[in-house]
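Report on the following structure.
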Amino acid sequence: MADKKGPETWQELIPGGMVFRPGSTREYHTGTWRSERPVYDTNKCIKCGICYIFCPEGCISQNEDGYFMADLDYCKGCGICAHECWPGAITMIEEG
Amino acid sequence: MAKQAGMEIAFAAAEAVALCRPDVIAAYPITPNTHMPEHLSDIVAEGRLDCEFICTESEHSAMSACCGASGAGARVFTATSSQGLLYMGEIIPIVSAMRLPIVTALGNRALSGPINIWNDHSDIMSQRDMGWLAVFAANGQEVIDMVIQAFKIAENRDVMLPIFVNLDGFQLTHMVEPIVFPTQAQVDKFLPAYKPYAAVHPDNIVSMGSLGMPDVFNEFKKAQDEAVINSKKVILEVWKDWEKAFGRKYEPIISYGAKGADVLLLTMGSMTETASVAVDEMCKEGMSVGLLDLKLWRPFPSEEFKKAVKGAKALAVMDRAVSYGGTAGPVGAEIKALLYDEPDAPAITNYIIGLGGRDVTVEDFIKMGKEASKAKKGKPEKAYEIYGARGS
Amino acid sequence: MSIIENFDVYAPRLVDQEEFYAAGHRACGGCGEALAIRLMCKAMGRDTIVTNATGCMEVTACMYPTTAWNLPWIHVAFPNSASVGAGVESALKALRRKGKIADRYVQTVSIGGDGGTVDIGLQALSGAMERGHDMLYVCFDNEAYMNTGIQRSGATPFGASTTTAPAGDESFGKKAWKKNVTEIILAHNVPYVATACVSYPFDFMNKVKKAREIKGPCYIHCMAPCPTGWRLPMGDCIKIGRLAVETGVCPLYEVENGKYKITVDMLEPLRPVIDYLKPQGRFRHLTPEKIEEIQARVIMECNKIKNKVDSLQSWDELG
């Protein structure tokens with residue numbers, strides 16, 4: 001669980017419950033939800049980006065070598081990437 | 001130079017809205033407020049008002065479209081009555097919680113069943129706890145004044161709340177009265193362009209309408225309550241500005257010979273004028289009677305009210321809606337709760353009058369006033385009376 | 001093995017890398033709808049305002065004080081995404097005309113689940129489409145009221161078991177066929193309607209882009225599988241969407257000015273519908289007779305579309 005700020009006083013609340021911080025859900029690490037985690041065989045990965053397209057979290061991006069990998073802070077372990085990976089470069093293993 | 005006209009009040013209200021230069025109007029017709037959106041659409045069609053007029057397919061969509069438009073930073077207006085108000089009812093508390101300053105004119109009409117298109121206050125009373133501000137107009141001049149004031153009050157950065165301007169259906173909406181209109185220049189000076197607190201637009205990204213978990217919801221409601229309470233300061237300021245600009249005075253409670261009177265009548269809306277004639281008659285007979293015209297319903301002007309009834313021995317509260325099986329009519333219950341802890345509060349008689357357009361005459365008010373004057377504290381005849389119900 | 005043709009393999013790398021729908025949202029793992037929204041946003045770009053009906057996507061994305069949305073977003077209530085959108089679109093028109101906001105086009109996109117579109121939201125959607133607002137409405141169809149716990153909606157398919165139309169000894173699940181909202185909206189004479197499926201991301205994104213270019217009300221009905229509600233393993237989300245298209249349950253087509261066009265070729269012959277039904281727990285109770293009934297209906301609906309493709313002309317040609 002990401003660090004939660006203490007509850008705001010009523011005076012500190014933004015009127016109408018508006019949220020002026022776009023993309024701020026990133027403060028919450030959904031990676032703590034998963035029971036399985038993707039592991040990558042870079043020998044098989046063809047860097048096509050299919051896993052990146054199909055990730056509902058949008059947490060897959062390319063590392064310095066161009067391989068697409070999930071950000072484990074957010075990866076919920078759904079396994080869509082492993083299912084869709086053509087060359088079978090992704091395997092889901094149980095979270096230790 | 002102010003323009004005077006003899007005009008049907010609903011049309012006049014539309015002209016007043018047009019003077020406020022709304023950006024978007026989304027409305028659905030329902031008797032008796034229909035002449036307001038109709039005349040507004042005429043004004044737009046004639047090219048006198050640069051505004052997007054959306055003829056929505058229901059009241060629910062009308063208020064929803066107003067939310068979208070207000071959320072996008074537009075000045076918006078809508079009008080409805082009775083069943084239409086209930087149909088948009090799901091959205092009503094949301095507008096207040098989202099702090100969208102939507103001005104809504106209500107042509108007060110009875111809630112169905114049986115279906116009845118005539119005037120009473122059951123529609124506005126059903127929305128008492130929705131977090132909207134509410135004012136009541138007693139005549140045509142007050143209607144147009146209050147409509148213009150409403151935008152200024154609602155849009156004030158210290159308020160940011162929606163507001164109902166109540167005008168009695170048919171009794172006001174369809175009456176022709178002499179009305180003094182401010183000029184466009186005067187209204188532009190009084191009511192500058194709307195500067196929203198936030199608006200959905202890619203240039204300043206905001207999410208509106210978030211989920212409130214139990215750990216913050218309570219605080220949101222507290223903040224909303226405080227906002228409604230504190231809006232009174234702004235309302236009084238706006239009324240002062242209005243008096244300076246146009247010479248007409250507005251107060252939360254207008255006294256008609258009430259100071260020092262033994263017996264007070266309390267009315268809201270157009271019945272006030274009939275009651276004032278009755279008060280004159282009773283005074284001629286030697287009674288010590290006065291009239292309180294309640295203009296500000298939400299936030300309730302507690303301090304002003306306590307002051308206004310101080311020293312009175314009897315108070316007749318005229319409700320125009322029923323709270324079935326309750327302890328009093330909606331306004332009666334509000335006032336009894338307010339005066340509960342006041343030492344020497346007057347003996348209160350609560351009448352529910354004029355339901356579904358039932359005519360209430362000067363004679364009726366005289367009868368009620370005389371009856372109320374005989375009331376003894378601690379010995380109420382009954383909690384409330386639906387006045388004039390045959391058979392009772 | 002996926003059906004994506006070879007030349008599409010590297011297409012993901014051409015897609016805009018900006019994430020308008022941030023991670024950290026509370027959707028279930030493997031949520032088809034969250035993915036669909038993420039992809040839709042990439043196709044829409046920054047100059048968009050989104051109105052959202054109450055539903056899974058609203059509660060999981062914007063819980064005060066955070067929001068997953070990197071776009072301006074407004075949620076009001078359940079049945080009114082389209083009317084809120086109509087209000088936003090009108091306000092943008094008025095404010096731009098009066099010089100109160102930047103003088104550039106910003107698109108209004110209203111989104112809702114099948115609940116907020118097909119049932120309780122249908123009135124608002126119909127009104128907005130009829131009035132001709134320049135907006136796009138996208139329905140993310142996961143075939144039940146998922147957010148409140150998998151209750152039956154008008155978009156729930158025949159025979160599916162939901163919590164309010166469950167399978168049991170006396171019932172086989174939903175007794176009525178799926179409401180075809182795409183055709184209902186087309187009957188409003190809008191310039192563009194389309195069906196889509198999140199398992200065909202480029203087809204979907206192209207349709208969103210096309211709708212953006214078209215002036216007037218547009219409607220896209222996007223199937224978004226829900227592993228939780230459809231009782232599937234999370235990782236099968238995309239696979240089941242693909243099977244829906246391959247079996248003809250979810251034909252992918254678009255209608256521009258009345259001209260029908262199938263955008264992802266239907267297999268000849270279609271895969272048997274049982275391939276689509278079998279992996280899903282919500283259909284597990286179906287008898288062979290019911291499956292046959294479904295098979296017949298699926299084939300008929302596909303033939304209906306093929307028939308329309310062949311015989312219906314564009315409205316411009318008929319005018």
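The values are calculated or read from the model by the stated rules, or taken from the named source; none is laboratory data. Quantities reported herein were computed from a predicted structural model and do not represent experimental measurements. All Cβ positions, glycine included, derive from the backbone under ideal geometry; neighbour counts span all protein chains shown. Remember, those area values only see protein heavy atoms, side chains included, never the ligands or the DNA or RNA. Shrake-Rupley method; radii C 1.70, N 1.55, O 1.52, S 1.80 Å.
Compared with the dominant Cα axis of chain C, that is its longest principal axis, helix C:81-97 is turned about 20°.
Annotation: amide H of B:Thr56 within the under-5 Å range of B:Ala27, sequence separation 5 or more or interchain, hydrogens built in the peptide plane. When chain B is treated as a GNM with alpha-carbon contacts under 10 Å, the residue of B:Tyr194, B:Tyr28, B:Tyr324 showing the greatest mean-square fluctuation is B:Tyr324. Taking only the Cα atoms of the stretch C:255-305, the ratio Rg/Rh comes out at 1.08, with Rh defined as the Kirkwood radius. Cα centroid distance between the stretch B:322-392 and the stretch C:11-44, in Å? Each part's Cα centre sits 61 Å from the other's. With the charge dipole of chain C set up from +1 on Lys and Arg Cβ and -1 on Asp and Glu Cβ about the Cα centre, the Cα lying farthest toward the positive end among the listed residues C:Gln107, C:Asn307, C:Leu125 is that of C:Gln107.
Among the DSSP beta bridges whose two residues both lie in chain B, what percent are antiparallel, rounded to the nearest 5? The answer is about 25 percent antiparallel. For the stretch B:138-234, the number of Lys pairs with C-alpha atoms closer than 17 Å, counting only pairs eight or more positions apart or on separate chains, is 5.
A simple rule links phi to the HN-Hα coupling: the Karplus curve 6.51 cos²θ - 1.76 cosθ + 1.60 with θ = phi - 60°, which for the stretch B:386-392 gives 7, 5, x, 6, 4, x, 8 Hz, with x for Gly and Pro.
Compactness of chain C was expressed as the Cα radius of gyration divided by 2.2 N^0.38 Å, which yields 0.97. Is the shape of the stretch B:253-386 rounded, prolate or oblate, going by the alpha carbon gyration tensor and its root eigenvalues a ≥ b ≥ c, with a/c under 1.5 for rounded and a/b larger than b/c for prolate? Judged from the Cα gyration tensor, the stretch B:253-386 comes out rounded (a/c under 1.5). Shape index of chain A: Rg/Rh, with Rg the Cα radius of gyration and Rh the Kirkwood radius from the inverse mean 1/r over Cα pairs, equals 1.12. Using a ≥ b ≥ c from the Cα gyration tensor of the stretch C:21-134 (square roots of the eigenvalues), is it rounded, prolate or oblate, where a/c under 1.5 gives rounded and otherwise the larger of a/b and b/c decides, a/b for prolate? Oblate shape, in that a/c is at least 1.5 and b/c is the bigger or equal ratio. With 26 Å as the limit on Cα-Cα distance, the pairs of B:Lys336/B:Lys379; B:Lys244/C:Lys93; B:Lys249/B:Lys306 that go past it are B:Lys244/C:Lys93. Working note: Cα gyration tensor of chain B, eigenvalues times five, square-rooted, sorted largest first, giving semi-axes of 35, 23, 20 Å. Compare C:Glu33, C:Glu170, C:Glu256 in a GNM of chain C, Cα atoms joined below 10 Å, and give the one with the largest fluctuation. Looking only at C:Glu33, C:Glu170, C:Glu256, the biggest GNM fluctuation is shown by C:Glu170.
Rounded to the nearest 10 degrees, the angle from helix C:288-311 to the longest Cα principal axis of chain C is 40 degrees.
Where a ≥ b ≥ c are the square roots of the eigenvalues of the C-alpha gyration tensor, would you call the stretch B:259-321 rounded, which needs a/c under 1.5, or, failing that, prolate if a/b is larger than b/c, or oblate? Oblate shape, in that a/c is at least 1.5 and b/c is the bigger or equal ratio. Near the amide H of B:Ser112, within less than 5 Å, lie the amide hydrogens of B:Gln83, all on another chain or at least 5 residues away, with H placed in the peptide plane. Only helical runs count toward this figure. For the protein assembly as shown, summing -39,500 (n - 2.57) over DSSP H runs of n ≥ 4 and dividing by all residues gives -10000 deg cm²/dmol at 222 nm.
For the segment C:11-23, counting C-beta atoms of other chains within 10 Å of every residue's C-beta and taking the mean gives 6. Take the Cα radius of gyration of the stretch C:139-206 and divide it by 2.2 N^0.38 Å, N being the number of residues; the result is 1.33. Scanning residues 5 or more positions from C:Tyr219 or on other chains, those with amide H under 5 Å from its amide H are C:Tyr137, C:Tyr192, C:Val193, C:Ala194, with H placed 1.01 Å from N in the peptide plane. When the charge dipole of chain B is built from unit charges on Cβ atoms (+1 for Lys and Arg, -1 for Asp and Glu) and taken about the Cα centre, the candidate among B:His121, B:Ala347, B:Ala328 whose Cα reaches farthest toward its positive end is B:Ala347. With Rh defined as the Kirkwood radius, the inverse of the mean 1/r over Cα pairs, the Rg/Rh of the protein assembly as shown is 1.05. Charge tally around B:Pro101: other residues with Cβ under 15 Å, Lys/Arg +1 each, Asp/Glu -1 each, net +4. Given the options B:Ala245, B:Ala14, B:Ala316, which has the most mean-square fluctuation in a GNM of chain B, springs set between C-alpha atoms less than 10 angstrom apart? Of the options given, B:Ala245 has the highest mean-square fluctuation.
FRET efficiency for the C:Ser171 to C:Val15 pair, using the beta carbon distance and R₀ = 51 Å, is estimated at 0.70.
By accessible area, using a 1.4 Å probe on protein heavy atoms only, the protein assembly as shown has 54% of its surface on carbon and sulfur. Given B:His174, B:Ala223, B:Gly131, which one lies farthest toward the positive end of the charge dipole of the stretch B:4-246, if we put +1 on the Cβ of every Lys and Arg and -1 on the Cβ of every Asp and Glu? Value: B:Ala223. Helix B:362-373 and the longest principal axis of the C-alpha atoms of chain B enclose an angle of approximately 60°.
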